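Q: There's a structure below that I have some questions on.
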Amino acid sequence: MGKILSSTALVIFILLVLLVGLFFFWFGCRIEPENGQIAIMIKKTGKDLPADQIIATDPAYKGIQLEVLGEGRYFRNPYVWDWEIRQISDIPAGSFGVLVRKFGKDLPPGEIIAPGPEYKGIVRETLNTGKHRINPYAYEVKYYNDIQIMPGNVGVVTNLTGKDIFSGTANDLTNHKGFIVDGSRKGVVARILKEGTHRINPYIQGVSIVNIQSQRYEFTGNDAIMFLTVDGFNISLEGTVEFNIQRDAAPWLTHEVGNMEDILKKLILPSVSGFARIEGSKKSATEFIIGESRQVFQNELEQFLRKICSNWGISINSVLIRDITPPQEIAEIIRNRELAQQEAKKFRQQIEQAKSAMELERQKMLAVQNRTRVEAETLKITKEIEAKQQQLERMIAARTELEVTALDYKTAEANVKALLTLAEAERQVIESQNISEAEILQRNVEAFGSGENYIRGLLFQKIGPRLESIMTNGGRGGLFGLPLNGASKTVQDEVKK
């Protein structure tokens, strides 16, 4: 009985141990990061890390491990391992990430970008949009917005790392006076970014967005150009200049001159003001009010700006002078003179209009006369054409009748010839028949022996048909005392018939 109880207790003990083991294994060893989480592993046993290391890149060392566990279910011995559950690094749309490595060897002097995976510092490659399993003890993630370059703009790129004059490499003065460098040096590079989305590490390169669309600068109001004429009067000049930065010149221009405001204040405005003061001082005040001097001044200003700005990579699209304000003391005099000239011009226009009306009436009368003459000449030509046509028709009819008569004559002549030919043929036929009948008669006469006998035979033929059967003498075989035996066989045959 005691042995049975001992065996039962042992089984119960084993089951309890198994139950406790399963409970410990499930609740004490289970690592289960959820979706969007990672598990940072910390090893409690192993070799100690070097003094300058904070991350264990090899599981043989204890401390925070470089590799992390993604979402899922894992089992680790809690006496060997410890762990922390952290959120995964999620880079939203329209952004990118830059990694800063916290472990590794120190950077070489003067460097800010990690040259390799064994160095700490800023990592050259960027992280795209999405979720990344990044160990926060090993890396720091910095978020930056995408660089959006809209149509009509370009991006000027400046290298923040690379060789420079402090590293013993002098600038290349043959390349835009040394302001533009190649890709291995610090400074502005010639390559520009076109419109679109770009992700550039801001610790390696800086991007300045430059508008290359047409810009308008208006010098009006307080910004109007003031200058003195040759006769000492003040002139106020207002207008508009439209320009744009050339695409290829954007890096050099923006680096040497500055932004759009700097371009206006350092290039456009001084050029307009300088030209106006120099060229304006060569003309009198009245030249800017009347005549063609205003248009000539505008054209010369546009040519001057095109020449100056093209050297800086700026295209001048148009120059328009809207208003030139002269001094009031001469404006009134010139205005009155202009009004008088306008009145005189109006009177001259009225006189010209009256002359034009008279000339128009004269032209109308000439047109009526010309139309009447043309109609008479047209009628005359029409009648002449009709008479010639009738004459031609009569000539054609007479010629046709003559040809028909000639044709009838030829037809009659042909008919006469045909009749003569037919008569001749008939004559020849009759002649042939007569000759044939004469020959037959001659042969018949010869057959009867004489003409008398032949006539007698014909007589018998006409007046005594079948006479032999009716009045024949059977004993002698004669007819009316005429012997038949002595006649020819032909006559006998005729008598029999």
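The values are calculated or read from the model by the stated rules, or taken from the named source; none is laboratory data. Remember, predicted model here, so these are calculated numbers, not experimental data. In this analysis, Cβ positions are derived from the backbone assuming ideal geometry, glycine residues included, and neighbour counts consider all displayed protein chains.
Q: Residue 222 fails exactly one of the following numbered conditions: (1) out of contact with any Leu (no Cβ under 7 Å at 6 or more places or on another chain); (2) not in a helix (DSSP H, G or I). What is the number of that condition?
A: (2)
Q: Is the stretch 25-41 home to any residue that is part of a helix (DSSP H, G or I) and surrounded by fewer than 11 Cβ atoms within 10 Å (Cβ to Cβ)?
A: Checked the stretch 25-41: at least one residue is part of a helix (DSSP H, G or I) and surrounded by fewer than 11 Cβ atoms within 10 Å (Cβ to Cβ).
Q: Next question, about the same structure. Does any residue in the stretch 26-52 that is on the phi > 0 side of the Ramachandran plot come within less than 9 Å, Cβ to Cβ, of a residue that is among the basic types (Lys, Arg) and part of a loop (DSSP other than H, G, I, E, B) six or more places away or on a different chain, and which pairs are these?
A: Correct list of pairs: 46/62.
Q: Looking at (1) surrounded by 13 or more Cβ atoms within 10 Å (Cβ to Cβ); (2) at pLDDT 80 or above, which one does residue 233 not meet, given that it meets all the others?
A: (2)
Q: For the condition assigned by TED's automatic domain parsing to the domain that holds residue 186 and either under 28 Å from residue 324 (Cβ atoms) or touching a Lys or Arg at 6+ places or on another chain (Cβ under 7 Å) (or both), what is the one hit in 263, 278, 204, 200?
A: Answer to the check: 204.
Q: Can we say residue 4 is at pLDDT 80 or above and either in the same structural domain as residue 139 (by TED's automatic domain parsing) or part of a helix (DSSP H, G or I) (or both)?
A: Working: at pLDDT 80 or above: no; either in the same structural domain as residue 139 (by TED's automatic domain parsing) or part of a helix (DSSP H, G or I) (or both): yes.
Answer is no for this residue.
Q: Something else: Mind telling me which of the residues 232, 313, 258 ends up being at positive phi and in contact (Cβ under 8 Å) with a residue 60 or more places away in the chain?
A: 313
Q: In the stretch 92-115, is there at least one residue being of a type in the set (Val, Ile, Thr), part of a loop (DSSP other than H, G, I, E, B) and touching a residue at least 12 places away in the same chain (Cβ under 8 Å)?
A: Yes - at least one qualifying residue is present in the stretch 92-115.
Q: On to the next question. What single numbered condition from (1) loosely packed, with under 14 Cβ neighbours inside 10 Å; (2) β-branched (Val, Ile, Thr); (3) at pLDDT below 90 fails to hold for residue 85?
A: Here residue 85 clears every test but (3).
Q: Could you tell me whether residue 125 is assigned to a strand (DSSP E or B), modelled with pLDDT of 90 or more and more than 19 Å from residue 41 (Cα to Cα)? Spell out the reasoning first.
A: Details: assigned to a strand (DSSP E or B): yes; modelled with pLDDT of 90 or more: yes; more than 19 Å from residue 41 (Cα to Cα): yes.
Answer is yes for this residue.
Q: How many of the residues in the stretch 171-191 are part of a loop (DSSP other than H, G, I, E, B) and either of a type outside the set (A, V, I, L, M) or at pLDDT 65 or above (or both)?
A: Residues meeting the conditions: 9.
Q: Among the residues of the stretch 306-319, is any touching a helix residue (DSSP H, G or I) at 6+ places or on another chain (Cβ under 6 Å), at pLDDT 80 or above and in a helix (DSSP H, G or I)?
A: Scanning the stretch 306-319 turns up at least one residue that is touching a helix residue (DSSP H, G or I) at 6+ places or on another chain (Cβ under 6 Å), at pLDDT 80 or above and in a helix (DSSP H, G or I).
Q: Given the conditions (1) closer than 27 Å to residue 106 by Cα; (2) of a type in the set (Asp, Glu); (3) surrounded by 14 or more Cβ atoms within 10 Å (Cβ to Cβ), report the number of the one that residue 58 does not fulfil.
A: (3)
Q: Oh, and also: For residue 155, state whether it is modelled with pLDDT of 90 or more and either closer than 17 Å to residue 204 by Cβ or under 46 Å from the mean Cα position of the chain (by Cα) (or both). Give the steps one after another, and end with the answer.
A: Values: modelled with pLDDT of 90 or more: yes; either closer than 17 Å to residue 204 by Cβ or under 46 Å from the mean Cα position of the chain (by Cα) (or both): yes.
Yes: the conditions hold for residue 155.
Q: Given the options 296, 272, 257, 241, name the one that is surrounded by fewer than 14 Cβ atoms within 10 Å (Cβ to Cβ) and among the hydrophobic types (A, V, I, L, M, F, W, C).
A: Criteria check complete, one pass: 296.
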